[in-house]
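Peer 1: Have a look at this one before I ask anything.
Nothing in this text is a laboratory measurement; each read-out follows from the coordinates by a stated rule. Because the structure is a prediction, the values reported are computed rather than measured. Note that each Cβ is placed from the backbone with ideal geometry, even for glycine, and that neighbours are counted across all protein chains shown.
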């Protein structure tokens, strides 16, 4: 089992660093606005209000693609620009930042420790911090999976790092990787069923951190009540965790009320919003966007997979998943995951109605609704995927892993990195991708556009990732009975 853990660390680290290596400046969707918030907190020693200007001049100039500043993707230059930050780059602030809507905890925790000598040094440090927390998500998810399905839990965690949407969510400068790590560790402790007061305190503290990190952890945490019911957890343990969570929620709501004028911080709940004309909610479009962005979020440029590609990519996996889940006997564990999914779906509906009510739009402003579901990664890849791999025929389980890794290569090296490098365009779409004009993977360089680090060894990182994952698949199939798995 130790060999499997080592291979998982190697595979996950290589894949996470690969994603980090290939990204252009501020290419992680709303990343540029997250960086602006980190910069404000570092400079002012506090978090910004929603109604105040808080975007530093150098960030505003990058958004505007002004010469001499690292241009926010999709704007690009032939040579990567790394500006040494001066006092004039940092003040006065130029505009309001909608990312002020997030809780303050993570930004206050790390902003003072981020090096800010140059523009890209700051961005690179924030991304590498996300890599660290994403690795914690993988290991905590594997811990859950091993308790449930033995060695197949390691293999399931390896599948997580081969999901391009999850990579997009966590490997960027934001609070998502930290929130995901806190949630994954909290679930890992809860699944371990701590028996001592020390264990209960650790469980309570980590759940409180998860609640303080980001509001997307709140609906996912509903699963803990179902898990406690299955475990027949002592009421003292439950009350301790709920009390710590309640304190974290109260502090978070107080912070958001002060800075954003509403208890959820959500910009669409701002009382100053006035809707002139409300358009009908475009439910069919929301469903299509959710499915497409669940498969691949495509960065900020809508180079999503076409319906044919989504069907080919996910269709066989859905069939294998159904086979595995039908054969699985751990119904209580599946119910825990279903409860979390229902709670998250309700939260998504609230988000939809909020945008419709307060902005008048028929679509949520995020535009990538499928990627939010990866907040449930500790349950999906710590519970459901191990059950599927452990109960599906072994050949199908290994084939599913190989299929997903193959699509990860196709999407990442075959589309995303080429988008960053400026090779593809919307004028050459094909049956698989909205953008086309690609060249063969691994035949182009990222040095002129990617922030890095390790841009020069991107291909080697992919080889390491694939080889380590293959090692887990091969070795894990022989060790499947080494741990009997966790039964509730």
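Peer 1: Work out, step by step, the length gained on full extension between residue 51 and residue 9: first 0.36 nm times the residue separation, then minus their alpha carbon distance; give nm to one decimal.
Peer 2: 10.8 nm
Peer 1: Using only the Cα atoms of region 51-115, each taken as one equal point scatterer with no solvent, compute I(q) by the Debye sum, divide by I(0), and report log10 of the ratio at q = 0.12, 0.21, 0.23, 0.26 Å⁻¹.
Peer 2: -0.38, -1.02, -1.11, -1.18
Peer 1: Another question about this same structure. Pull out the extension gain between residue 279 and residue 448, defined as 0.36 nm times the separation in residues minus the alpha carbon to alpha carbon distance; nm, one decimal.
Peer 2: Result for the pair: 56.5 nm of gain on full extension.
Peer 1: Related question: Would you work out if region 251-342 is rounded, prolate or oblate? Take a ≥ b ≥ c from the square roots of the eigenvalues of the alpha-carbon gyration tensor; rounded if a/c is under 1.5, else prolate when a/b is larger than b/c, oblate otherwise. It would help to have the intermediate numbers written out before the result.
Peer 2: Values: a/c = 2.76, a/b = 1.52, b/c = 1.82.
In terms of gyration-tensor shape, oblate.
Peer 1: Report the residues of region 301-321 in range of a label on residue 399: point 7 Å along Cα→C-beta, backbone N strictly under 13 Å from it.
Peer 2: Only 316-321 pass the distance filter.
Peer 1: Stokes-Einstein at 4 °C, 1.567 mPa s, Kirkwood radius from Cα pairs: D for the chain in µm² s⁻¹?
Peer 2: Taking Rh from Cα pairs, D becomes 56 µm²/s.
Peer 1: Can you give the calculated 222 nm mean residue ellipticity of the chain, where each DSSP H run of n ≥ 4 adds -39,500 (n - 2.57) and the sum is split over every residue, rounded to the nearest 500 deg cm²/dmol?
Peer 2: Calculated at 222 nm, the ellipticity per residue is -18500 deg cm²/dmol.
Peer 1: Here's another thing I want to ask about it. Show me, bin by bin at 10 Å from 0, the whole-percent P(r) of region 113-220 based on Cα pairs.
Peer 2: Per 10 Å bin, starting at 0, the Cα pair percentages come out as 15, 39, 33, 11, 2.
Peer 1: Shape of region 157-275 from its Cα gyration tensor (a ≥ b ≥ c, root eigenvalues): rounded if a/c is under 1.5, otherwise prolate when a/b > b/c, or oblate?
Peer 2: Taking the square roots of the gyration eigenvalues as a ≥ b ≥ c, region 157-275 is oblate.
Peer 1: Given all pairs of different Cα atoms, what value in angstroms does the Kirkwood hydrodynamic radius of region 288-391 take?
Peer 2: In region 288-391 this quantity evaluates to 15.4 Å.
Peer 1: Kirkwood hydrodynamic radius (Cα pairs, Å) of region 217-293? Before the final figure, lay out each step's value.
Peer 2: Details: mean 1/r = 0.0617 Å⁻¹.
Value: 16.2 Å, from the Cα pair sum.
Peer 1: Can you tell me, using C-alpha contacts under 8 Å and at least 6 residues apart, the relative contact order of region 2-478 as a whole percent? Let's see the in-between values first.
Peer 2: Numbers: 813 pairs, mean separation 114.0, N = 477.
Worked out over region 2-478, it gives 24 percent.
Peer 1: Also: Return P(r) of region 23-139 (all Cα-Cα pairs; 5 Å bins starting at 0; whole %; ordered from short to long distances).
Peer 2: Per 5 Å bin, starting at 0, the Cα pair percentages come out as 2, 12, 23, 25, 21, 11, 5, 1, 0.
Peer 1: Still on this structure: What is the spin-label model distance, in nm, from residue 85 to residue 440 if the labels are put 7 Å beyond Cα along the C-beta direction?
Peer 2: It is 4.3 nm.
Peer 1: A further question follows. For region 384-466, just say rounded, prolate or oblate: build the C-alpha gyration tensor, square-root its eigenvalues into a ≥ b ≥ c, call rounded for a/c under 1.5, and beyond that prolate if a/b exceeds b/c, oblate if not.
Peer 2: It comes out oblate by the Cα gyration axes.
Peer 1: Something else about it: Can you tell me how much longer the chain between residue 230 and residue 287 gets when fully stretched, taken as 0.36 nm per residue apart minus their C-alpha distance, in nm with one decimal? List each step's numbers first, then the result.
Peer 2: Details: separation 57, 0.36 × 57 = 20.52 nm, distance 3.24 nm.
Between residue 230 and residue 287, full extension yields 17.3 nm more.
Peer 1: Sort 84, 357, 91 by Cβ crowding within 10 Å, fewest neighbours at the top.
Peer 2: 84, 91, 357
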